[in-house]
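Just below is one structure, and these are the notes that go with it.
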Number of protein chains: 4
Amino acid sequence: MKLTAAAKGTFAIAPTPFHDDGRIDEASIDRLVDFYAEAGCDGITVLGIMGEAPKLDAAESEQVAVRFAKRAKNLQIIVGVSAPGFATMRSLALKSMDAGAAGVMIAPPPSLRTDDQITGYFKQAQEAIGTDIPWVLQDYPLTLSVQFTPAVIRKIVMDSPSCVMLKHEDWPGLEKISGLRGFQKDGSLRPLSILCGNGGLFLDFEMERGADGAMTGYAFPEMLVDVVKLSQAGKRDAAHDLFDAHLPLVRYEQQPGAGLAVRKYVLQKRGAIASSAQRKPASGISGAAKAEVDYLLSRVARYDARANLQPRATAAE
Amino acid sequence: MKLTAAAKGTFAIAPTPFHDDGRIDEASIDRLVDFYAEAGCDGITVLGIMGEAPKLDAAESEQVAVRFAKRAKNLQIIVGVSAPGFATMRSLALKSMDAGAAGVMIAPPPSLRTDDQITGYFKQAQEAIGTDIPWVLQDYPLTLSVQFTPAVIRKIVMDSPSCVMLKHEDWPGLEKISGLRGFQKDGSLRPLSILCGNGGLFLDFEMERGADGAMTGYAFPEMLVDVVKLSQAGKRDAAHDLFDAHLPLVRYEQQPGAGLAVRKYVLQKRGAIASSAQRKPASGISGAAKAEVDYLLSRVARYDARANLQPRATAAE
Amino acid sequence: MKLTAAAKGTFAIAPTPFHDDGRIDEASIDRLVDFYAEAGCDGITVLGIMGEAPKLDAAESEQVAVRFAKRAKNLQIIVGVSAPGFATMRSLALKSMDAGAAGVMIAPPPSLRTDDQITGYFKQAQEAIGTDIPWVLQDYPLTLSVQFTPAVIRKIVMDSPSCVMLKHEDWPGLEKISGLRGFQKDGSLRPLSILCGNGGLFLDFEMERGADGAMTGYAFPEMLVDVVKLSQAGKRDAAHDLFDAHLPLVRYEQQPGAGLAVRKYVLQKRGAIASSAQRKPASGISGAAKAEVDYLLSRVARYDARANLQPRATAAE
Amino acid sequence: MKLTAAAKGTFAIAPTPFHDDGRIDEASIDRLVDFYAEAGCDGITVLGIMGEAPKLDAAESEQVAVRFAKRAKNLQIIVGVSAPGFATMRSLALKSMDAGAAGVMIAPPPSLRTDDQITGYFKQAQEAIGTDIPWVLQDYPLTLSVQFTPAVIRKIVMDSPSCVMLKHEDWPGLEKISGLRGFQKDGSLRPLSILCGNGGLFLDFEMERGADGAMTGYAFPEMLVDVVKLSQAGKRDAAHDLFDAHLPLVRYEQQPGAGLAVRKYVLQKRGAIASSAQRKPASGISGAAKAEVDYLLSRVARYDARANLQPRATAAE
């Protein structure tokens, strides 16, 4: 089923699992898909920044996208197709859709500066992939160094009928969500799904500002799923209580560069992937950092038993 | 008393209080100093990024530095003297020390790239202010876009005997603290005070990695003071419990650009400053954001009564 | 006489002359003004990037601006008032105009990215200096890293009636001049003087695209004056012949960072300033570079006798 | 024959020829190779920035590299293999060498900042391609925004025995060449070929500072070949005379972004490629710009008859 502007819920940003020697670990892709499904996710986004996409060659990117899509069943798969050139973008987009992906995601190249450069780029990107592939606009200035105003996002969306979702991860970003929802109220912007990234650091309030859900790689997607549902059900305090219990770990994972090592470490502990290996260049995780993560897990587990991966640690409380 | 490498504890980063019409509010400077003293701070850093320093002209910068220094009594005052040129830096440094400041703080200009450019700049900066003024090196890549390796910090410190403190706010930054403390263990780096900024977002673990305290502008400096003390006393769980209770608000304040409006809003609520006005260009705070902050305060207050600024909100829990 | 949108001709970008020990050399300011007057310049721009403006403190900036303005007589003085904050900008603008300056010049801070940030900044800048001070918009992405589209320039100009001139130094920039002149033809942009910088590297064609003259710091302003006049008189080949004869040296001077040392070296050789000293941080000029400049001068002198500063070198031809 | 540190002369940076509809034009690749051979070039560098490399997908990159290599005969082919990830880099490097390339060229990703990040990256890059493929280090801060000090270049070269050449295009860059040659004199740097890019804008003096030749895309490679030879033969004035005659056009071609359109326009006029088409995103060339290039050609032709592509223009002189 193709992605539409009505998409809601939680899409996990998946890492790409590697064997310790750097080869793609296809069995772990399957386990990861099942893990996200069991956690209650609605979709999975693969080959994003967290997915180490630039470290794969073209054949490997296709291999990963296809494997995720084949295993997905009821989950929608979104494939990151950002690339330095449109030929590569188009090629991966077509192959992903053929394999059953629900849509693709496109981030801006870091060189874009002016509003015209930005809107021009995405117009050309859509021409490259064609109008029949639903796509997600990624707005992540912290990492991508490109700044979209709400009006620029509106123009991109209104120029491209197949743009159905915003991956919102501006920081700060709460007023941006309110601004976009305001555009829809005044009739100047058509329906658009807004899922929130930036590690989930502001998911609690993003939902209250009008987001439709989460799209991020936190290693306990169950929390994202529940916070989104509680918030949608109007259970404000309960949503914040759960969110706040996880926030110390959410924050620890959201360290630029280093965060991926933390996530792979936790996902491995949880059995979702076989190895926490990354391809070079990579930030590792020190012994001190592992101990800090273990301690944080034990603290989260006091509130949320699903984080109880370390029997002794909780006993020590 | 001049700043030394033995400095410990909590230094508040102070905003510059303005009247609603943009004039400097000297009475609020006095109240702010008293507020930080009552909160248990050991020092105050003025005219930093959060202090809107670049928005003051030279005479106003001197006026602010002097007013803080005169009121400070037992608190050590550090004056941010970062400037596009060394003449301005020197001038403000000398006047601040004459007025009783304990030291000055210097951030790198954003254009620096190579290791040699960085170490060369700070060598010239120290020549500009002279060797008898203790100074703090500010390491804040997120905002300043200059990246120091631990080895570069070591070289800067070893080249300049009057560099006595690092304002650590790299992100991620935990391994950097461990690295610097490791240099001291192997004898290649002399004693250096490390106080942590970056909004306090990692203060809990930074203390455990060897930091000497906090230097940031969180609007509840009492929390910083207590977490530093609990951590120094080895009360790990208690330190994290208090820290985690505040983390949702800490995180909300640490939004680039928007954070200052939040801090001034809370400080005004707490009576520490008369107006939350900022000089242009400034990010404001919307009604929605104010309500979010009020809600966060009410939640913090469930654990830490000092955050109870809104009787009705807590009653509603 | 205040600057207007009818300004034409050549405005020299002046360096700030220092004594060897770094003090401002006021006598050389007077000589420099006379030198530019004799070269046929219509105005002088002081305290620009080339004028080492950020290296002066507030009192020195005022001192330099006033000294240039007092000596200027028939030349219009434009004072660079770019500053990290509006208080400093306003203060220097008012003092400069009081001393007889014709207008001021404002460059964007490097942090500006989106079109709205840019237009918003200049609106606030104009509010800061007041509507009665004519000002020049500096568009220099190579150094300032801010990119203006022609439509953004139009908006800035139309929002601020006192913006009378564009210092054009985008690179590439020829189509931008054509675009702005096109806006004027279609009635969407009011009259605006366009003077060209970027070291003069494209002055030959910039004039043909509709520029009103030059505003740059080439150490032979006589060439700029003549090329502008020849071009305005429709003597295309003659303009290019003169320009091309100087281009090897123009190019040599237009090396980022290093160029100022070259210009001060040549200006000292020509007797316009007493010392080629720069304040720190500064790029020096090596012996090899001096010899290269001398060789270039000797080559220019074969076509333009005014460059004959080295009798022996020309004899060697 | 593999590339060695003894390489000298002129390596043309080749554009990638496309048909008007964006397909790769293989016949024009053959013509281009013959054109560069007839111009006296010693080698050709393909799939560089000017070669629109990021706009090709993986299969196309291989296709282009192989086609150039097959046609090359006596010319050495260097293939740009810069890529966001090492898997892609390795894959293209191996395929290029199999097809007969003499070596590969690697540019840094724009995110690198500290000296350690830079040297670490190139160590990993060499591991990725293996130690038996000679490679060229590209130093182009203007476009790539990464700054190498001479000491960092030395470390990269000394760490990687297969690094045999520097593509020097820092700006300013003359002192850097002198610095590197100085390292060789003091024995701290092993032999290294230095070929100069940056559009050839400083080739005249770069040769005098110790460069071994040119590696750039100027549409009259004959000039580069002759200036390199004249300079190597010690004929200083003759080298400069020829260089200066071309400089107005060299400068026009060296406009960031726009320059490629100019080069393809001239190469098409010269019959070296069938179409001047670029893939999107691309800067076009306006009618005004074409007329300016034609005028510049006519002026170069007064000195160098090889630029006489427009009989009437020269007759009009």
Cα-based Rg and Dmax for chain D, in Å, come out at 18.7, 58
Could you size up the charge dipole of the protein assembly as shown around its Cα centre, putting +1 on the beta carbon of Lys and Arg and -1 on that of Asp and Glu, and report it in debye to the nearest 20? 0 debye
Tally the DSSP beta bridges in the stretch B:9-303 and give the antiparallel ones as a percent, rounded to 5. 5 percent
Using alpha carbon centers only, the stretch A:193-218 is separated from the stretch A:251-266 by a whole-angstrom value of 18 Å
More than 14 Å apart: what percent of Cα pairs in the stretch C:235-276 qualify? 57 percent
Pairing the Cα long axis of helix B:26-38 with the longest principal axis of chain B, what angle in degrees results, from 0 to 90 and rounded to the nearest 10? 90 degrees
Determine the equivalent ellipsoid of the stretch B:147-230 by diagonalising the alpha-carbon gyration tensor, then write out the semi-axes as square roots of 5 times the eigenvalues, largest first, rounded to whole Å. 23, 12, 12
Sum up the charges of everything whose Cβ sits under 10 Å from the Cβ of residue B:262, counting Lys and Arg as +1 and Asp and Glu as -1, but leave residue B:262 out. +1
Residue by residue through the stretch C:213-218, which ³J(HN,Hα) values in whole Hz follow from phi under the Karplus form 6.51 cos²θ - 1.76 cosθ + 1.60 (θ = phi - 60°), with glycine and proline marked x? x, 10, 9, 7, x, 3
Quarter of Cα convex hull surface for the protein assembly as shown, i.e. mean projection, nm²: 45.7 nm²
With respect to the cross-link table entries A:123/C:176; C:8/C:176; B:123/C:123; B:70/B:176, which display a Cα-Cα separation exceeding 29 Å? B:123/C:123; B:70/B:176
Taking placed amide H atoms and a strict 5 Å upper bound, the residues 5 or more places from residue C:215 or on another chain that come that close are C:11, C:196, C:197
Relative contact order as a percentage, chain D, C-alpha pairs under 8 Å and 6+ apart, gives 19 percent
Rounded, prolate or oblate: pick one for the stretch C:1-121, where a ≥ b ≥ c are the square roots of the eigenvalues of its C-alpha gyration tensor, a/c under 1.5 means rounded, and failing that, prolate if a/b is larger than b/c, else oblate. oblate
Segment residue A:158-residue A:30, length gained on full extension (0.36 nm per residue, minus Cα span): 42.4 nm
Inter-copy distances for residue D:161, nm, shortest first, label points 7 Å along Cα→Cβ, are 4.7, 6.3, 7.6
If we count every other residue with Cβ under 13 angstrom of residue B:93's Cβ, Lys/Arg +1 and Asp/Glu -1, where does the sum land? -2
Diffing the stretch A:145-152: the Karplus 3J(HN,Hα) column from phi (6.51, -1.76, 1.60, θ = phi - 60°), in whole Hz with x for Gly and Pro, holds 6, 10, 10, 9, 7, x, 5, 5
Acute angle (nearest 10 degrees) that the helix A:58-71 long axis makes with the longest principal axis of chain A, alpha-carbon atoms: 70 degrees
Under 5 Å between amide H atoms, partner at least 5 residues away or on a different chain: which partners does residue C:80 have, H built in plane at 1.01 Å? C:46, C:47, C:48, C:105
Can you give the average number of partner chain beta-carbon atoms within 10 Å of each beta-carbon in peptide B:73-84, as a whole number? 1
Which residue in B is nearest the B/C rotation axis when you measure from the C-beta atom, and what is the distance in Å? B:58, 2
Here the relative contact order (percent) of the stretch C:91-198, from C-alpha pairs under 8 Å and at least 6 apart, is 26 percent
Of the trypsin sites (Lys or Arg not before Pro) in the stretch A:1-71, those whose Cβ has at most 12 other Cβ within 10 Å and which sit in DSSP loop: A:23
With an 8 Å cut-off on Cα pairs and a minimum separation of 6 or more residues, tell me the relative contact order of the stretch B:138-180 in percent. 52 percent
Against the longest principal axis of chain A, how steep is helix A:86-98, in degrees 0 to 90 to the nearest 10, with axes from Cα atoms? 70 degrees
Among the aspartates and glutamates, which fall within straight-line cross-link reach of residue C:55, defined as a Cα-Cα distance under 17 Å, with same-chain neighbours fewer than 8 residues apart omitted? B:57, B:127, C:20, C:21, C:25, C:26
Amide H contacts under 5 Å for residue B:163, restricted to residues at least 5 apart in sequence or on another chain and with H modeled in the peptide plane, are B:135
For every helix of n ≥ 4 consecutive DSSP H residues, a contribution of -39,500 (n - 2.57) applies; sum these over the protein assembly as shown, divide by its total residues, and give [θ] at 222 nm rounded to the nearest 500 deg cm²/dmol. -14500 deg cm²/dmol
Rounded to the nearest 20 Debye, what is the dipole magnitude of chain C about its Cα centre when Lys and Arg each give +1 and Asp and Glu each give -1 at the C-beta? 160 debye
Label position 7 Å from Cα toward Cβ: report the copy-to-copy distances for residue D:185 in nm, one decimal, ordered from shortest. 4.6, 5.7, 7.2
Net charge around residue A:140, counting only other residues with Cβ within less than 11 Å of its Cβ (Lys, Arg = +1; Asp, Glu = -1)? -2
7 Å along Cα→Cβ for the label point: how many nanometres lie between residue B:73 and each equivalent label in the other copies, listed shortest first? 6.4, 6.9, 9.2
For the stretch B:240-250, Karplus couplings with θ = phi - 60° (6.51, -1.76, 1.60), whole Hz, Gly/Pro x: 5, 4, 5, 4, 4, 5, 8, 3, x, 7, 3
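Bear in mind that the values in this text are calculations on the coordinates, not laboratory data. Computed from a predicted structure; not experimentally measured. Glycine gets a Cβ as well: all are built from the backbone with ideal geometry, and neighbour counts include every protein chain shown.
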